[in-house]
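Here the structure comes first, spelled out in structure tokens, and everything after it is commentary.
The values are calculated or read from the model by the stated rules, or taken from the named source; none is laboratory data. Because the structure is a prediction, the values reported are computed rather than measured. Here Cβ is always computed from backbone atoms with ideal geometry, including for glycine, and neighbour counts include all displayed protein chains. Just the protein is used for accessible areas: all its heavy atoms, side chains included, with ligands, DNA and RNA removed. Shrake-Rupley method; radii C 1.70, N 1.55, O 1.52, S 1.80 Å.
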Amino acid sequence: MLFSIAMCFAYKVSMRAGRFAATILILGALGCLAVAAESGWAATAPSAKLTPGSEAFVQARNAAAAGDKERFKAAVAGAVAPPGLEPYLDYWRLRLALADEDTDSALIDQQVRAFLKPRPTALVADLLRRDWLLRLGKRGEWATFEAEFPAWILRDDERVFCLAGKARLLRGAAVGAEALGALDQMRDLDENCEALLVTLLNAGAFGPKELRQRLRLAIEQNSTATIGIVAGLLGYDASDVNIALSKPERALARDPDSTLTLIALARLARSKPENAAQLLAAAAATLSESERNFAWSQVAAAAMRRLDPGAHEWALRSLNARASDETWQTLTRAALRDQDWPLLLATTERMSPASRREPAWVYWRGRALRAQGLLTESEAQFHSIADGFDFYSQLAAEELGELTKLPARSSAATPSEMAAPAANPGFERALRFYELGLRSDGNKEWNYQLRGMSDRQLLAAATWACQRSVLDRCVNTASRTRNEHDFSLRFVTPFREHLASAAAEHNLDPAWVYGLIRQESRFIMDARSGAGAKGLMQIMPATGRWIARKLGVAKFHPEQLNELTVNLRFGTFYLAKALEDLDGSPVLASAGYNAGPNRSRSWRAALPGKVEGAIFAEIIPFNETRNYVKKVLSNTTYYAAAFTGQPQSLRKWLGSIQPAPASSSELP
């Protein structure tokens, strides 16, 4: 979202001195862009003026989502469902009935079965089945629950897995990996997963050792709710736990037992890592070796999230800790910031095998091995991921001498292949939802249809989406292919003339602007974030007002940010201003665009010395911003390769970052 800027750096020079006209010619000539013109893609998703019946349908949906039975009843009386969406009205009604404890159980079960029978594999049925399973578990009707559980397709709710584990335990079977995984994956345990914990204890499948392991995970996740639940099961008084969580220094001064000490130290470290380190050193004698190691890991991880310089030293004290992948990934970033390659190898070695296989850690392990002189082992790491299309796969390929280029384009979908998405009722339902402005519902329907599709089927579905101007689904669907690819679908280029003109006015490279828009809005013209950012470049209303004043635009209203020309004009203006504000660095700029220019400046100020842009991107302390920066730069490199027809260096786009004293930006 638009807080600051992100801009293409590598082409900045070529954009000046009258050379931009040549870039426009390249844009128009590329085959990957010609598809857009041939298919007549528009810049907007399908839309329609809502009739009173459609408006009531939307109101009924919103009332059901809010659990408001009375508002739903009033809305549904006048609701007219678009073709194909009629079952949703019954689904919402049944969902509300399932949530009502006063509903007659036998009657609602009969109604649910009647709804599921004619459409057993439809998304709307699977959504209802999930709600029914939750109700069955709450009622303790385990035989019916276990009979229905295998038919649940989505498998996307930890609460249901916890209930399934409880059902297995109650009939004397092992709890199962899915349920145990749900206990770990759910940050804040709900009543269903808390009940599973109690059942595990009662069945003798869990004891104090397992509870303490789950408590440590809750401490790492900073989940006060789960800490309270698990500590209570271990016999701790709730008031003592609350003091450790809310007033950690007071709790530590009371010399509590080691468990409360761990809770208090971890909580204190999140705001005052230096104080936590001092108190941990003073309390070390009261802790076991395992507890000390874990405590140091939490102090180090908390410090790294604040880019505190002590994180490196404290990470060195943590190497024998028993901690989760989240902690080890954070400690790896501490090693990376100081370019301590032996420490980086040590921290990644302590990750789970699955985490260690993630492209980020494969790449950085390769770099660390090379720094240690282990060239054969280093190249093996790079080769293992270099054929991918993500940020770190691109960097790994570059280490092996291969720049970013577009893969061979698969043949276009045939008429018979295109007939399949055209005949898919789920895709039609998705379009109807989009017309109503219910994008999240539409995306659920769309994505549900993609299960098990081959590459050819995915490319046909992506093409069909692009032809209907549903560009976000076009991009997301094409990006799922494994062996056959069409990057004109992955990296679409709508409204080329408008974007090229806006970018040229401020000497910005269209590749960077496209790369940013692809990440910000996926080309949805009326996209709106939860925070209120609007349009293609996701400009916040307050930022839009600031830009309007700078541009001398009178009578500006934030709704204008959904207009193509206004959004591009305002967004590129801000990009140019923010690039100047952040030393011309696309990495700093994109970080600031997502998290705010002052945060980007503060992260730069915390650097111990000059670092590669890739290192800076990886050590950004906000998960969202870290991922955002990497995706925008990766997108931009592919767009640049498409626009020029030449391989591109991602490392050049990333550049390097010099530390600089913290200062405030004048930009909003």
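The table that follows gives values for the structure above.
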item	result
Mean projected area (nm²) of the alpha-carbon convex hull when the chain is viewed from all directions	32.6 nm²
Projected-area mean, the range 209-277, by convex hull of Cα positions, square nanometres	4.1 nm²
The range 198-238 - convex hull of alpha carbons, volume per residue in Å³	61 Å³
Along the chain, longest interval not containing exposed GluC sites (Glu not before Pro), exposed being DSSP loop plus at most 10 other Cβ atoms within 10 Å	102-665
Distance violations [Cα-Cα > 29 Å] among Lys577/Lys631; Lys555/Lys631; Lys444/Lys555	Lys555/Lys631; Lys444/Lys555
Local net charge near His383, Cβ-Cβ under 15 Å (Lys/Arg +1, Asp/Glu -1)	-2
Dmax and Rg, reported as Rg then Dmax, of the range 510-560 (C-alpha, Å)	11.6, 32
For the range 568-638, the fraction of alpha-carbon pairs in successive 10 Å shells from zero, as %	20, 56, 22, 2
Calculated P(r) of the range 78-160 - Cα pairs past 19 Å, %	35 percent
Relative contact order, percent, the chain [alpha-carbon distance under 8 Å, six or more residues apart]	19 percent
Calculated on alpha-carbon atoms, Rg and Dmax of the range 422-525 in Å	14.7, 45
Around Asp156: net Lys/Arg minus Asp/Glu count, Cβ-Cβ under 11 Å	+1
Inter-part distance where the range 152-196 and the range 559-611 are each reduced to a Cα centre, Å	43 Å
Cα pair distances of the range 434-591 binned at 10 Å [whole percent]	10, 35, 32, 17, 4, 0
Distance in nm between pseudo-label sites at Ser663 and Gln213 (7 Å out along the Cβ direction from Cα)	5.3 nm
Percent of alpha-carbon pairs separated by more than 16 Å within the range 324-384	35 percent
Computed accessible area, Val553, all protein chains, 1.4 angstrom probe, square angstrom	40 Å²
Förster radius 35 Å - calculated FRET efficiency between Ala74 and Leu170, Cβ distance, rounded to 0.05	0.25
Approximate shape of the range 238-314 as ellipsoid semi-axes (Cα gyration tensor, √5λ), whole Å, largest first	19, 14, 9
Inter-probe distance in nm under a simple model that places probes 7 Å from Cα toward Cβ, at Arg322 and Leu551	5.9 nm
Share of carbon and sulfur in the accessible heavy-atom surface of the chain [1.4 Å probe, %]	50 percent
Spin-label proximity, Glu563 to the range 516-531 - amide N less than 19 Å from point 7 Å beyond Cα toward beta carbon	524-528
Set Lys247/Lys272; Lys534/Lys610; Lys405/Lys652; Lys138/Lys247 screened for pairs whose C-alpha atoms are more than 24 Å apart	Lys534/Lys610; Lys138/Lys247
Cα-based convex hull, the range 516-668, per residue volume (Å³, whole number)	109 Å³
Residues Leu403 and Ser454, FRET efficiency given R0 of 45 Å [Cβ-Cβ distance, rounded to 0.05]	0.90
Hull volume in cubic angstrom per residue (convex hull over the Cα atoms of the range 116-238)	103 Å³
Rg and Dmax of the range 307-438, Cα atoms only, in Å	21.6, 63
Between the range 428-469 and the range 283-324, the Cα center-to-center distance that results, in Å	46 Å
Mean separation of Cα contacts under 8 Å, 6 or more apart, over the residue count of the range 266-336: relative contact order %	31 percent
Å² per residue, accessible surface of the range 530-588 at 1.4 Å	40 Å²
Difference of contour (0.36 nm per residue) and Cα-Cα distance, Lys138 to Thr414	94.4 nm
Alpha-carbon Debye profile of the range 149-217, log10 I(q)/I(0) at 0.19, 0.21, 0.24, 0.27 Å⁻¹	-0.69, -0.84, -1.08, -1.32
